[in-house]
Amino acid sequence: NLGDYLEDRGHTVDYAADGVTGLHLAVVNDFDAIVLDLNLPGLGGLELLRRLVRAVPKVPVLIFSQHAEAIYATKALEAGAQGFVSKNAMPEEFLEAVDAVLGGGIAVEGQLRPGVTVTVCLDCGAEIKSIKSHQCQEAQ
């Protein structure tokens, strides 16, 4: 499973079975990043993402979703996620996305990038011409 994969690569992992528990864990713990499935029961999806962004604004959120369409990635990034990877991605690409968001970057699965249409950086407010080449002024 995903948690085992991350633990095998040196990451410490915690789990939440539903969105309310996930939000609680995010608030009471000092996480370096959050990997969020949009299909959690209870409080889930983009609403949970928005609440996480408000509750723990310095913790990057990487969406890991069954939806492999650019429109979902765009909506997640606009709602405050720092990354989006579908469950169809190769494990290496998922790990690269984890590392990118931990390092303050934005990560979008390669096959989805051409369709992602975020136009303003949520951190520095700069216009984004290409999600692959944006250098956030906030992160520097």
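The values are calculated or read from the model by the stated rules, or taken from the named source; none is laboratory data. Please read all numbers here as calculations on a predicted model, not as lab measurements. In this analysis, Cβ positions are derived from the backbone assuming ideal geometry, glycine residues included, and neighbour counts consider all displayed protein chains. The area values use the complete protein model at the heavy-atom level, side chains included, leaving out ligands, DNA and RNA. Shrake-Rupley method; radii C 1.70, N 1.55, O 1.52, S 1.80 Å.
Overview of results
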read-out	value
Farthest positive-ward along segment 1-107 dipole, Cα basis, beta-carbon charges - from Ala81, Leu102, Pro91	Ala81
Neighbourhood net charge (15 Å Cβ-Cβ; Lys/Arg +1, Asp/Glu -1) for Asn29	-2
Inter-site label distance for Asn88 and Thr12 at 7 Å from Cα along Cβ, in nm	3.6
Carbon plus sulfur fraction of accessible area for segment 1-105, probe 1.4 Å, in percent	51
Three-way shape label, segment 61-101, alpha-carbon gyration tensor, a/c 1.5	oblate
Other-chain or far-sequence residues with amide H under 5 Å of Phe84's (modelled H)	Ile63, Ala107, Val108, Glu109
Net lengthening on full extension, Leu46/Gln111 (0.36 nm per residue, minus Cα-Cα)	21.2 nm
Computed accessible area, Leu6, all protein chains, 1.4 angstrom probe, square angstrom	20
Table column - 3J(HN,Hα) (Hz), segment 108-116, Karplus curve with 6.51, -1.76, 1.60, x for Gly and Pro	9, 3, x, 5, 8, 3, x, x, 7
